Amino acid sequence: MTREVTFSKAVNEAIAEEMRRDPTVFLIGEDVAEAGTPFKVLSGLVEEFGTGRVIDTPISEPGFMGMAVGAAMTGSRPIVDLMFGDFIYLVMDQLCNQAAKTHYMSGGKLKVPLVLRTNMGATRRSAAQHSQSLQAIVAHIPGLKVAMPSSAYEAKGLLKTAIRDDNPVVIFEDKLMYQDKALVPEEEYLIPFGQANVKREGRDITLVATSSMVQVAEEAADALAKDGISAEIIDPRTIVPLDEETILNSVRKTSRAIVIDEGHQSYGVTAEIAARISAKAFYHLDAPVIRMGAMDVPVPFSPALEDLTVPTAAGVADNARKICRGELLHAA
Amino acid sequence: MGGDKPVSDTRTHNTEDYLRMYKQMVRIRAFEDNANQLYLSAKMPGLTHMYSGQEAVAVGICEALTDEDRITSTHRGHGHCVAKGAEFKAMFCELLGKEEGYCRGKGGSMHIADQSHGNLGANAIVGGSMGIATGAALSAKQLGKDFVTVCFFGDGATAQGLWYEVMNMAALWKLPVIYACENNGYSEYTKTEEIAAGSLTARAEAFGIEAFEVDGQDVLAVNELTNQLVERCRNGEGPFFMELKTYRYHGHHVGDINRDYYRSKDEEAEWKNVRDPITNFGKWLEDQNILSADELVAINNEIKAEAEAAVEYALNAPYPDTSEVDMHVFAGVDHALDYLGGARG
Ligand SMILES: Cc1ncc(C[n+]2csc(CCOP(=O)(O)OP(=O)(O)O)c2C)c(N)n1
Ligand SMILES: [Mg+2]
């Protein structure tokens, strides 16, 4: 049995189910209890689990992040709520020097089973410090797993897996998707890490897309279908670990690929995936792999500028048509 | 408490000062009423945080500063910006993302900076300006200049560790910085007492910094204290801390409308009816025979009209040209994407 639920509700259900199942799981962050976060994602949890397990903090991100690391090392399984992905910069030391490295540095003796839930995504007119998509920055650090759910279904299944994982996991939720609905099973399910989803099958070109960029890819694929171009869409679901095999198999079939992610294009997620395709499916490619990320500028506030900085369906379709026609975009 | 509570001192002021303070407070209120209206009528992109209720803080402090003196501001920054001398048109243009805005539309409500009046900018990271303000004070010392920097932040921001690092250095090096904490009782949807242990003034005092509590609804009290502290900063006696007790009339942001679950309507009404900084200062001006009731009304109306005209202007003003999107990323570089070596592809 399935039913339609919002992305936000799916996250809420995943946390509630895991907190019921495992008394060592607790939630910590700013305005998570009574307010249920500014996006109301966590509403109702404090009523069920009380303020002992749904803990409101002062605005002390490095402090509560560090406490989560210590709690995770000593038997708890904290879920940290970071109100905006942009605040990741405040917790970088605790996350990258402490959480990420403890298992390795202790020769495998200490574990840090924590989840850092945060968000990403521009075009909310929130300007440069509330709009960033910083997944590449944490994906760069060995020891951190990184999930990027693309719908309510993924949001729930990936979060439950994350809570049960014995490692620090960072989950990026696109804040523009919180009200989007998808079919979610009534029964319990988990989505394993490192398993990409073939969202749509196609012959002519592979669109590898993360998070809300899956919607962009679907819209582009619809437009391309009208022109007789059949696009395959791959959603990696986790970028660490990355299901390279599913991506490579797709590209071996289609011979063309565009990689789309909302982080900045330079030195980003698209660069990593494109490099792996180029290195490992080189002889199958009919065209250079195209990367489409956010423009390499801070996110501008003005609506007249902000919309220019993110990948769009029209832009994806345009690039797809060009490479399918044999116009090498980067030919000198 | 380290310092003596100041009493409003009428001798140091003349009528012109009073008039300007009154007008500046009314200008902030008028600006916010219009900004709120822009949001409610879906004409403003994004969200914004209203300063209404806290006017006496920004005005009392900024009236003690010169254009050379610097301030750093917060997400709730329109009041600081107006009080430091900004004009309506360029502010509304910024709120609407227009080219003539203070930041050419790139910053919006949470990032307005006004270089010409010493406003180093609002900040969307809570506590994010504490380092900047203290650094500006260090710069004054390094360069042998006598400007003072005021660092505005909320009660919620006192939970940021950065503050304790910079207070330590500011105290060690006697920097000309004043930390001004606007305690409006709430940090988003949470009461201050739930997020702050002990006393805020005691925290500053632990670093040997003189700390003051002042009624943030009394513009004269705020101004008098700031005048003294600015003077002492210029004489090398800084840093200082002041906690200003105040209240925000609206929700945390313009979209925070149903807020009964964290704050009662009675409490809001009490502050608005009994402790409004503008009404009370207006009454005082009348009592002192400085302005008549009619004159107060005339001022209010004039400012209201000015604000409405500026909104009209901003609504009709053009957006920046799309070519501006990759300008100003680097100083000395016209267009970042050309400079970055093939980043356009
Ligand atoms: C580092 C950081 N954490 C959290 C937030 C989200 N946030 C924005 S305003 C705010 C509350 C700030 O409270 P306070 O400092 O008292 O200022 P006020 O809103 O009352 O003016 C929070 C938590 C943020 N912008 N930056
Ligand atoms: Mg506050």
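The values are calculated or read from the model by the stated rules, or taken from the named source; none is laboratory data. What you see is a predicted model, and the numbers here were worked out from it, not measured in a lab. Cβ placement follows ideal geometry from the backbone for every residue including glycine, while neighbour counts extend to all protein chains displayed. Side chains included, ligands, DNA and RNA excluded: accessible areas come from the protein's heavy atoms. Shrake-Rupley method; radii C 1.70, N 1.55, O 1.52, S 1.80 Å.
Structure data summary
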| quantity | calculated |
| --- | --- |
| Number of positions in segment B:241-281 that are open to solvent by 50 Å² or more (accessible area, probe 1.4 Å), within 14 Å of another protein chain (Cβ to nearest Cβ) and within 14 Å of ligand 2 (Cβ to nearest atom) | 0 |
| Top-ranked residue in segment B:168-203 [being more than 16 Å from ligand 1 (Cβ to nearest atom) and among the aliphatic types (A, V, I, L, M); ranked as nearest to residue B:76 (Cα to Cα)] | B:178 |
| Candidate set: segment B:145-164, residues that are part of a helix (DSSP H, G or I) and in contact (Cβ under 8 Å) with a residue 24 or more places away in the chain; chosen: the one farthest from ligand 1 (Cβ to nearest atom) | B:164 |
| Single residue of segment A:74-92 satisfying the filter (within 11 Å of another protein chain (Cβ to nearest Cβ) and out of contact with any His (no Cβ under 7 Å at 6 or more places or on another chain)) that is most open to solvent (accessible area, probe 1.4 Å) | A:89 |
| Segment B:169-191, residues that are crowded, with 24+ Cβ neighbours inside 10 Å and away from ligand 2 (no atom under 11 Å from the Cβ) | B:170, B:175, B:176, B:177, B:178, B:179, B:180 |
| Those residues of segment A:22-39 which are at pLDDT 95 or above, more than 11 Å from chain B (Cβ to nearest Cβ) and either under 21 Å from the mean Cα position of the chain (by Cα) or open to solvent by less than 10 Å² (accessible area, probe 1.4 Å) (or both), in sequence order | A:25, A:27, A:28, A:29 |
| Unique residue being among the basic types (Lys, Arg), in the same structural domain as residue A:22 (by TED's automatic domain parsing) and under 19 Å from the mean Cα position of the chain (by Cα) when the list is A:53, A:124 | A:124 |
| Members of segment A:159-179 that are more than 10 Å from the chain's Cα centre (by Cα) and outside any loop (DSSP other than H, G, I, E, B) | A:159, A:160, A:161, A:162, A:163, A:164, A:169, A:175, A:176, A:177 |
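One line per residue, one yes/no per condition, for (1) of a type in the set (Lys, Arg); (2) in the same structural domain as residue A:110 (by TED's automatic domain parsing); (3) open to solvent by 10 Å² or more (accessible area, probe 1.4 Å):
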| site | (1), (2), (3) |
| --- | --- |
| A:162 | no, yes, no |
| A:166 | no, yes, yes |
| A:174 | no, yes, no |
| A:191 | no, no, no |
| A:205 | no, no, no |
| A:212 | no, no, yes |
| A:215 | no, no, yes |
| A:245 | no, no, yes |
| A:248 | no, no, no |
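For every residue, the table says whether it meets (1) within 14 Å of chain A (Cβ to nearest Cβ); (2) in a loop (DSSP other than H, G, I, E, B); (3) at pLDDT 95 or above; (4) buried (at least 24 other Cβ atoms within 10 Å of the Cβ).
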site: B:64; (1), (2), (3), (4): no, yes, yes, no
site: B:89; (1), (2), (3), (4): no, no, yes, no
site: B:98; (1), (2), (3), (4): yes, yes, yes, no
site: B:116; (1), (2), (3), (4): no, no, yes, no
site: B:128; (1), (2), (3), (4): yes, yes, yes, no
site: B:132; (1), (2), (3), (4): yes, no, yes, no
site: B:135; (1), (2), (3), (4): no, no, yes, no
site: B:138; (1), (2), (3), (4): no, no, yes, no
